[in-house]
Amino acid sequence: MNQIDASLVDWSRAQFALTAMYHWLFVPLTLGLAVIMSIMETIYYRTGDLKWKRTTKFWMKIFGINFAIGVATGIILEFEFGTNWSNYSWFVGDIFGAPLAIEGIFAFFMEATFIAVMFFGWDRVSKRFHLASTWLVTFGATMSALWILIANAWMQYPIGMQFNPDTVRNEMFDFWAIVLSPIAINKFTHTVLSGWMLGSAFVLGISSWYLIKGREKIFALDSIKIATIIGFVGILLSIYTGDGSAHQVADKQPMKLAAMEGLYDGGHGLGIVVIGALDPNKKFDDGKSPYLFSIEIPKMLSFLAKRDLDAYVPGIRNIIEGGYETAEGEALSVEEKMRLGRLSIAGLADYRKAKKGGDAEAAIIAKAQLDENFKYFGYGYFKSPEDGIPNVALVFYAFRIMIILSGYFMLLFIIVWYFIYKKKYEKMKWLQWICLLSIPLAYITSQSGWVVSEVGRQPWAIQDILPVMAAVSSVNVGSVKATFFIFVALFTILLIAEVSIMVKQIAAGPEDLEEEPLNK
């Protein structure tokens, strides 16, 4: 195996994370606003009340601004698979590329086709066709998320493929196993629903700003009514899908679950830590408590992970050392997996050498060695068992930030809806300020979820098969550093531009319609 430059891996990861996190500023708002504006236009279609047309057109403008910048960052993100992660793209491009191609051909094409009608067809097509176009844009945006998340879920739970040693590529043999993977379906629903929460928090905050300024009372209150309902439904269903996700992580990615809980030593009937602080000097095998302090709910981790209050949940040390029972038998240690992974890699090298030399018998023996140990292929690139441990502190704290803020927004939506129902909210300046200042918290919640999902599965580009250290391109680390800082500047300029345009549109407010009386 060739020596891999650690700094190249780190800078490539940093660049991809930077691009993904900037992109993720726009995606959830797109998903949330799309549903909200579609519901608003549906109300306009059914009632004929022009105030809802005015409200829809305003949020549609905000959606369009956000959508455009999101597309720009998303394109760069996909190009990075070829520039910084060419080994990854070669190794699994036949599989990973299929969902992305479908997303581009089907979902994005749908968005691009109907978004023009949505923005410019108000007086050119019928109300019914325009409403259909708006919902098709929403459907297209949601389907874009579906296919991208199917690709991402496959990286976390690779199924429906087989390795071809002649091409050194993984090839798809069961498309529907990949599409209908429980990881993919759960990841999709959880992500989309979290977008509803963020979009609702955004609408709630901006609408509250209008009330603080004494402007657009009817528009603001109508927008808040829709946002609080959509936001509450999004949060409620996110809790359900989040529970399903935790159960799947416990089964397919136990190291991620252990990192989420800061769990080093497993056991039966374990509690879940609600609030805690990790010892920054903790080593996985030092026998010390990982927490400086912690408050937990007894037995809840075992229940969430295995649906059994007394079930065994392995910790980081247990996963590294192996020896505990799983559904497939006794868990192997990471050192044993490393040995088997190296056998698999050696089998691949021997197979290709035998094929080149025309030795059919040696090729058969080598391929058998490769196939027998391929499930541990990626472990062969590890230098030590500790390579399999993600950044525990980052995952642990990000998970709690996500959970605590999700609970905060559920409570906020309920409180605001109650005072809207009682017709008191328009006078409650303190609550309006809370809603406005909560907009950044919604983004922090969303980003924290991304961190848990993606940092928690490190060091894997593809779970158990390809670690990031073997997925990078053979490029000069200086080039990656340079483009990293170029992207920092570019994305920051795009973000400033988007915020500036949004602020101008929000300051201008919704446009008056000729047929509509003044909104006082």
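The values are calculated or read from the model by the stated rules, or taken from the named source; none is laboratory data. Worth saying up front: this structure is predicted, and the values here are computed from it rather than measured. FYI the Cβ positions are ideal-geometry reconstructions off the backbone, even for glycines, and counts take in every protein chain you see. Heads up: the accessible areas ignore ligands, DNA and RNA and are worked out on the full protein's heavy atoms, side chains in. Shrake-Rupley method; radii C 1.70, N 1.55, O 1.52, S 1.80 Å.
Restricting attention to the stretch 461-485, which residues are among the hydrophobic types (A, V, I, L, M, F, W, C), crowded, with 20+ Cβ neighbours inside 10 Å and out of contact with any Leu (no Cβ under 7 Å at 6 or more places or on another chain)? First the steps, then the outcome.
Residues of the stretch 461-485 among the hydrophobic types (A, V, I, L, M, F, W, C): 461-462, 465-466, 468-472, 475, 477, 480, 482, 484-485.
Add one more test, that the residue is crowded, with 20+ Cβ neighbours inside 10 Å, and what stays is 461-462, 465-466, 468-472, 480.
Within the stretch 461-485, A461, I462, I465, L466, V468, M469, A470, A471 meet the criteria.
From I295, I319, I345, which residue is assigned to a strand (DSSP E or B) and either touching a helix residue (DSSP H, G or I) at 6+ places or on another chain (Cβ under 6 Å) or among the β-branched types (V, I, T) (or both)?
Only one candidate passes the filter, namely I295.
Has the stretch 202-215 got at least one residue that is of a type outside the set (D, E), surrounded by fewer than 20 Cβ atoms within 10 Å (Cβ to Cβ), in contact with a Lys or Arg (Cβ under 9 Å, 6 or more places away or on another chain) and on the phi < 0 side of the Ramachandran plot? Reasoning before the result, please.
Taking the stretch 202-215 as the starting set, the residues that turn out to be of a type outside the set (D, E) are 202-215.
Keeping just the survivors that are surrounded by fewer than 20 Cβ atoms within 10 Å (Cβ to Cβ) gives 209, 212-215.
Filter again for in contact with a Lys or Arg (Cβ under 9 Å, 6 or more places away or on another chain), leaving 209, 212.
Next cut, on the phi < 0 side of the Ramachandran plot only: 209, 212.
Looking through the stretch 202-215, at least one residue is of a type outside the set (D, E), surrounded by fewer than 20 Cβ atoms within 10 Å (Cβ to Cβ), in contact with a Lys or Arg (Cβ under 9 Å, 6 or more places away or on another chain) and on the phi < 0 side of the Ramachandran plot.
Give all pairs with beta carbons closer than 6 Å in which a residue from the stretch 337-351 that is free of Cβ contacts under 8 Å to residues at least 24 places away in the same chain meets a residue that is open to solvent by less than 40 Å² (accessible area, probe 1.4 Å) and assigned to a helix (DSSP H, G or I); count only pairs at least 6 apart in sequence or on separate chains.
D350/A366
With respect to W135, is the statement that it is out of contact with any Gly (no Cβ under 7 Å at 6 or more places or on another chain), among the aromatic types (F, W, Y), part of a loop (DSSP other than H, G, I, E, B) and open to solvent by 10 Å² or more (accessible area, probe 1.4 Å) true?
Criteria not met by W135.
Given the residues W154, W122, which is the only one that is outside any strand (DSSP E or B), modelled with pLDDT under 95 and more than 25 Å from V503 (Cα to Cα)?
Checking each option against the conditions leaves just W154.
State which residue is nearest to I465 (Cα to Cα) when the search covers only the stretch 231-252 and only residues that are of a type outside the set (G, A, S) and surrounded by 22 or more Cβ atoms within 10 Å (Cβ to Cβ).
V249
Evaluate the stretch 42-53: report whether one residue or more is surrounded by fewer than 21 Cβ atoms within 10 Å (Cβ to Cβ), at pLDDT 85 or above, not in a helix (DSSP H, G or I) and not charged (D, E, K, R).
yes
Among Q156, Q162, which is out of contact with any Leu (no Cβ under 9 Å at 6 or more places or on another chain), open to solvent by 60 Å² or more (accessible area, probe 1.4 Å) and within 30 Å of G456 (Cβ to Cβ)?
Of the residues listed, the single one that is out of contact with any Leu (no Cβ under 9 Å at 6 or more places or on another chain), open to solvent by 60 Å² or more (accessible area, probe 1.4 Å) and within 30 Å of G456 (Cβ to Cβ) is Q162.
List the number of the failed condition for L257; all other conditions in (1) touching a strand residue (DSSP E or B) at 6+ places or on another chain (Cβ under 8 Å); (2) crowded, with 17+ Cβ neighbours inside 10 Å; (3) farther than 28 Å from D464 by Cα; (4) not small (G, A, S) hold.
Every listed condition holds for L257 apart from (3).
Looking at the stretch 408-455, which of its residues are at pLDDT below 95, open to solvent by less than 30 Å² (accessible area, probe 1.4 Å) and part of a loop (DSSP other than H, G, I, E, B)?
Scanning the stretch 408-455 gives a single hit, M428.
When residues of the stretch 180-198 are filtered for being open to solvent by less than 10 Å² (accessible area, probe 1.4 Å) and under 21 Å from M155 (Cα atoms), how many remain?
Selection size over the stretch 180-198: 2.
Can you go through S474, S438 and tell me which one is within 27 Å of the chain's Cα centre (by Cα), among the hydroxyl-bearing types (S, T, Y) and more than 25 Å from Y157 (Cβ to Cβ)?
Being within 27 Å of the chain's Cα centre (by Cα), among the hydroxyl-bearing types (S, T, Y) and more than 25 Å from Y157 (Cβ to Cβ) holds for just one of S474, S438, which is S438.
Taking the residues in the stretch 282-300 that are within 15 Å of I316 (Cα to Cα) and open to solvent by 80 Å² or more (accessible area, probe 1.4 Å) as candidates, determine which candidate is farthest from the chain's Cα centre (by Cα).
K288
Within the stretch 304-330, work out how many residues are out of contact with any strand residue (DSSP E or B) (no Cβ under 6 Å at 6 or more places or on another chain), open to solvent by less than 60 Å² (accessible area, probe 1.4 Å) and touching a residue at least 12 places away in the same chain (Cβ under 8 Å).
Residues in the stretch 304-330 being out of contact with any strand residue (DSSP E or B) (no Cβ under 6 Å at 6 or more places or on another chain), open to solvent by less than 60 Å² (accessible area, probe 1.4 Å) and touching a residue at least 12 places away in the same chain (Cβ under 8 Å): 11 in total.
Check Y264 against each of (1) over 26 Å from A461 (Cα atoms); (2) surrounded by 13 or more Cβ atoms within 10 Å (Cβ to Cβ) and name the one condition it does not meet.
All conditions are met except number (1).
Of the conditions (1) over 18 Å from the mean Cα position of the chain (by Cα); (2) aliphatic (A, V, I, L, M); (3) open to solvent by less than 10 Å² (accessible area, probe 1.4 Å), L33 satisfies every one except a single condition; which number is it?
So the condition that L33 fails would be (1).
Confirm whether I364 is open to solvent by 60 Å² or more (accessible area, probe 1.4 Å) and either assigned to a strand (DSSP E or B) or among the polar types (S, T, N, Q) (or both).
no
Output the number of the condition that S500 fails; it satisfies all remaining conditions of (1) more than 30 Å from K57 (Cα to Cα); (2) within 27 Å of the chain's Cα centre (by Cα).
Status for S500: all satisfied but (1).
Give all pairs with beta carbons closer than 6 Å in which a residue from the stretch 208-234 that is small (G, A, S) meets a residue that is open to solvent by 30 Å² or more (accessible area, probe 1.4 Å); count only pairs at least 6 apart in sequence or on separate chains.
Within 6 Å, the pairs are S208/L436; G234/W196.
Determine whether the stretch 278-291 contains at least one residue that is of a type in the set (S, T, Y), touching a His at 6+ places or on another chain (Cβ under 7 Å) and over 30 Å from S200 (Cα atoms).
There is no residue in the stretch 278-291 that is of a type in the set (S, T, Y), touching a His at 6+ places or on another chain (Cβ under 7 Å) and over 30 Å from S200 (Cα atoms).
Name the single residue, out of those in the stretch 367-405 being of a type in the set (F, W, Y) and more than 30 Å from P290 (Cα to Cα), that is surrounded by the fewest Cβ atoms within 10 Å (Cβ to Cβ).
Selected residue: F374.
Does A101 satisfy the criteria of being of a type in the set (G, A, S), closer than 18 Å to S133 by Cα and surrounded by fewer than 16 Cβ atoms within 10 Å (Cβ to Cβ)?
Numbers: of a type in the set (G, A, S): yes; closer than 18 Å to S133 by Cα: no; surrounded by fewer than 16 Cβ atoms within 10 Å (Cβ to Cβ): yes.
No; evaluated as a whole, the condition is false for this residue.
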